[in-house]
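Colleague: To start, I am sharing the structure in question, which I have written as structure tokens.
Nothing in this text is a laboratory measurement; each read-out follows from the coordinates by a stated rule. Please read these numbers as outputs of a predicted model, since none were measured by experiment. Virtual Cβ from ideal backbone geometry, glycine too; neighbours counted across all protein chains shown.
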């Protein structure tokens, strides 16, 4: 009988032996790699088609996101309404999105319906015709959203800090204005689709409950021959042309007034940072978590809990593939923005000058490792982790190396990294009110 007077044994995530379930790797007949992970809890599956077709690759501002948003706008056989109706008929969810580097088309559905849905999904990639009426509606809605967002200090701050970091001519630093939407054309969208959503560049990720017959159907729909085989445009490596001065001050030209009557200011403090392949990237995740990477961070404890300047403050590394950056982000009352910035640098100084105590370090290690345990719960979560590894040219060794770093990093290593990267003069500083 269970003795309820005796608590169960508890374990720290540090004591766990982490195992990343292996995914199966294969190829369709035309060479498209397919990464699959079986999980039979429910008769559902998720299929992601990923292309290097994000903002980094677009030849015209806004075309990457417009192409992704308009993939269901109409084919030579179906209108946008008919396409939506067909997917809804089978209870399927189809999403398409373009990020800074990748464009992803994702379908989630009951496994028994995948055969009926694959041909329609293939049509979206190879036969979307981008009706002008749908483009006009997209432009109208996008410009309306932009006009509303430009009234929000946090939206403007996010755009401006990327401009400071990378420059307006860089894919990670540019942003859209109304004229960019007006310039979007049917020809530009078709060219982006045919040149970047190509079988030669596609990667497939499949997770859930599926059979060999389902993989045969996927091969039948996407693997029979090359598709969208336009020649890929030559990619010129862009130069980072950031702002001429590294350091800005609230009272100087980094104070952008967007709304005279606004009650708060959006603070952004950012610096360049090595990409994911640098040896410091993973250890800095631990440093960043202590500093401002989770709800129990030092920035939260000081600026939210103790000072009451903000409802929340966070710091993180950019998730771009080509290059990275480090950002501290918060919204605070206009009258306390400068005080909040001083406290941010104060917390940097503390990390540089004082070693992290063992109990705080153990808490952060358990938090990071516990988050990974949650991410390994179920096929959909595991394939997402594999996708991040594969798209960033990592193997499973990266996963285990990260675990090792999280478990073994020392207070001395954390202090050394803080001194290396928390140099006040290396940060851009911006407040938008």
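Colleague: Please label the shape of the chain as rounded, prolate or oblate, based on the square roots a ≥ b ≥ c of the eigenvalues of the alpha-carbon gyration tensor (a/c under 1.5 means rounded; beyond that, a/b larger than b/c means prolate, else oblate).
Modeller: oblate
Colleague: Need the C-alpha centroid separation for the range 270-309 versus the range 75-101, integer Å.
Modeller: That distance is 39 Å.
Colleague: Can you give the translational diffusion coefficient of the range 316-386 in µm²/s, computed by Stokes-Einstein from the Kirkwood radius over Cα pairs at 20 °C and 1.002 mPa s?
Modeller: Translational diffusion coefficient: 136 µm²/s.
Colleague: Report, please, the projected area of the range 255-432 averaged over directions, based on the convex hull of its C-alpha atoms, in nm².
Modeller: Mean shadow area of the hull around the Cα atoms is 11.2 nm².
Colleague: Additional query: Order these by the 10 Å Cβ neighbour count, fewest first: 156, 350, 432.
Modeller: Going from sparsest to densest Cβ surroundings: 350, 156, 432.
Colleague: Report the equivalent ellipsoid semi-axes for the range 1-70 in whole Å, largest first, defined as the square roots of five times the eigenvalues of the gyration tensor built from alpha carbon atoms.
Modeller: That gives 44, 20, 14 Å for the three semi-axes.
Colleague: Another question, then. So, in nm, how far is label residue 401 from label residue 127 when the simple model puts each one 7 Å beyond its Cα toward the Cβ?
Modeller: 4.5 nm
Colleague: Now for a separate question. Have a look at the DSSP beta bridges in the chain and tell me what percent are antiparallel, nearest 5.
Modeller: That works out to approximately 85 percent antiparallel.
Colleague: Also: Considering only 125, 383, 215, give the residue with the highest GNM mean-square fluctuation for the chain, with springs between Cα atoms whenever their separation is below 10 Å.
Modeller: For the chain, modelled as a Gaussian network with Cα springs under 10 Å, the answer is 215.
Colleague: Specify whether the C-alpha gyration tensor of the range 67-135 places it in the rounded, prolate or oblate class, a ≥ b ≥ c being the square roots of the eigenvalues: rounded for a/c under 1.5, otherwise prolate if a/b is larger than b/c and oblate if not.
Modeller: Judged from the Cα gyration tensor, the range 67-135 comes out oblate (a/c at least 1.5, b/c at or above a/b).
Colleague: What is the fewest-to-most order of 234, 75 by other Cβ atoms lying within 10 Å of their Cβ?
Modeller: 234, 75
Colleague: Let me ask you something else. Have a look at the range 1-154 and give its Rg and Dmax from the Cα atoms, expressed in angstrom.
Modeller: Looking at the range 1-154, its Cα Rg and Dmax stand at 21.7, 71 Å.
Colleague: Arrange the following residues from fewest to most other Cβ atoms within 10 Å of their Cβ: 90, 138.
Modeller: 90, 138
Colleague: What whole-number distance in Å separates the alpha-carbon centres of the range 340-419 and the range 144-213?
Modeller: 29 Å
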